[in-house]
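Single-structure report; data block below.
The values are calculated or read from the model by the stated rules, or taken from the named source; none is laboratory data. As the structure is a prediction and not an experimental result, all values here were calculated from the model. Ideal geometry is used to build each Cβ from the backbone, glycine not excepted, and the neighbour counts take in all protein chains shown. In case anyone asks, the SASA skips ligands and DNA or RNA and just uses the protein heavy atoms, side chains included. Shrake-Rupley method; radii C 1.70, N 1.55, O 1.52, S 1.80 Å.
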Amino acid sequence: MLSQQALDDATAKYEASQQRVHSLEQSYQLAKLGPRAEEIARAQGALTQAEGQAAYAKAQLDATVIRAPISGTILDRSVEKGELLTGQFASAARPVFSLANLEDIQADLDVAQDDFAKLSPHQKAVVTVDAFPDLKWDGVIAEVSPEANRQKATIEVKVQILNPDSHLRPEMNTTVHFIADENKSANAQSAGAYVPAAALRDADGKKYVFIAFNDKAMKRDVKILAQRSGGALVSGLNGGETVITAAPESLKDGDKIKIKGQS
């Protein structure tokens with residue numbers, strides 16, 4: 001026979017085993033059901049917080065890098081390596097860097113209105129700079145200002161330098177020599193341009209006409225080469241201009257105009 005103590009010990013072990021079986025049964029059932037909704041929500045919140053912290057850290061890291069909008073050469077900088085830049089610095093009218101693409105250089109010049117008619121789109125040119133007077137670069141007219149400067153009686157023209165090299169620097173003093181179209185010049189000199197009599201005007205014995213350019217009237221001095229029925233052959237025009245034939249006597253150089261039939 002077993003002693004009472006042995007019976008009690010066996011009973012205690014049995015009850016403990018039953019409790020463990022019950023506990024494992026509950027864990028098994030919970031595992032089958034999956035995690036509770038509050039646990040899922042807690043995990044989702046922790047994930048969202050971690051993602052926010054990661055995004056903030058990335059923004060802080062990105063703020064340490066300055067990216068230029070184009071590839072080029074730094075001409076000037078306002079800060080030194082290791083210096084801290086703040087939002088106040090960026091908002092001030094003080095650039096961090098001055099950048100230029102030295103492979104894309106244009107020469108800006110003002111052409112007198114009296115000489116403007118001698119130029120044509122994409123006309124070739126030769127460019128020189130004061131710093132290297134013995135060097136030359138090929139150029140071509142790339143852009144013409146749509147508006148004249150009345151005070152200076154000039155029109156801004158931009159000449160694209162086709163073969164820039166390390167000698168050229170922004171803001172250099174530049175001289176541009178335009179290359180005339182020999183065939184065009186010869187034809188213009190021999191044939192002249194026909195102008196109706198109604199377009200010819202006289203000032204102190206000098207003849208001139210008005211041409212339409214960018215919705216404005218521009219004065220052109222001309223010289224009569226030969227009289228023709230209803231008009232004359234003149235020099236001073238290229239032959240492709242729109243000559244104003246009907247305008248009031250008060251019309252002046254640079255006045256805005258509207259061509260009949262155009263909206």
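Summary table
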item	result
Any chance GLN53 is open to solvent by 100 Å² or more (accessible area, probe 1.4 Å), of a type in the set (S, T, N, Q) and modelled with pLDDT under 75	no
Whichever residue in region 107-128 is modelled with pLDDT under 85 and among the acidic types (Asp, Glu) and, among such residues, is most open to solvent (accessible area, probe 1.4 Å)	ASP114
Residues located in region 231-260, provided they are out of contact with any helix residue (DSSP H, G or I) (no Cβ under 6 Å at 6 or more places or on another chain) and without any contact (Cβ under 8 Å) to a residue 40 or more places away in the chain	ALA232, GLY240, THR242, ALA247, PRO248, GLU249, SER250, LYS252, ASP255, LYS260
Boolean, GLU83 is closer than 30 Å to THR64 by Cα and touching a residue at least 60 places away in the same chain (Cβ under 8 Å)	no
Residue satisfying all of: in region 203-230; in contact with a Phe, Trp or Tyr (Cβ under 8 Å, 6 or more places away or on another chain) and open to solvent by 40 Å² or more (accessible area, probe 1.4 Å); modelled with the lowest pLDDT among these	ARG228
Residues (modelled with pLDDT of 85 or more, in contact with a strand residue (DSSP E or B) (Cβ under 9 Å, 6 or more places away or on another chain) and surrounded by fewer than 15 Cβ atoms within 10 Å (Cβ to Cβ)) located in region 231-253	SER235, THR242, THR245, GLU249, LEU251, LYS252
When residues of region 134-193 are limited to those that are modelled with pLDDT of 90 or more and among the basic types (Lys, Arg), the one farthest from the chain's Cα centre (by Cα)	LYS136
Cβ pairs under 7 Å, 6+ apart, first in region 57-79 and without any contact (Cβ under 8 Å) to a residue 60 or more places away in the chain, second open to solvent by 90 Å² or more (accessible area, probe 1.4 Å) and of a type outside the set (A, V, I, L, M, F, W, C)	SER78/ARG94
Check on GLU171, outside any loop (DSSP other than H, G, I, E, B) and open to solvent by 70 Å² or more (accessible area, probe 1.4 Å)	no
Contacts under 8 angstrom Cβ, first residue in region 143-160 being of a type in the set (Lys, Arg), partner assigned to a strand (DSSP E or B) and open to solvent by 50 Å² or more (accessible area, probe 1.4 Å), 6 or more apart	LYS152/ASP110; LYS158/GLN106; LYS158/ASP108; LYS158/ALA142; LYS158/GLU143; LYS158/VAL144
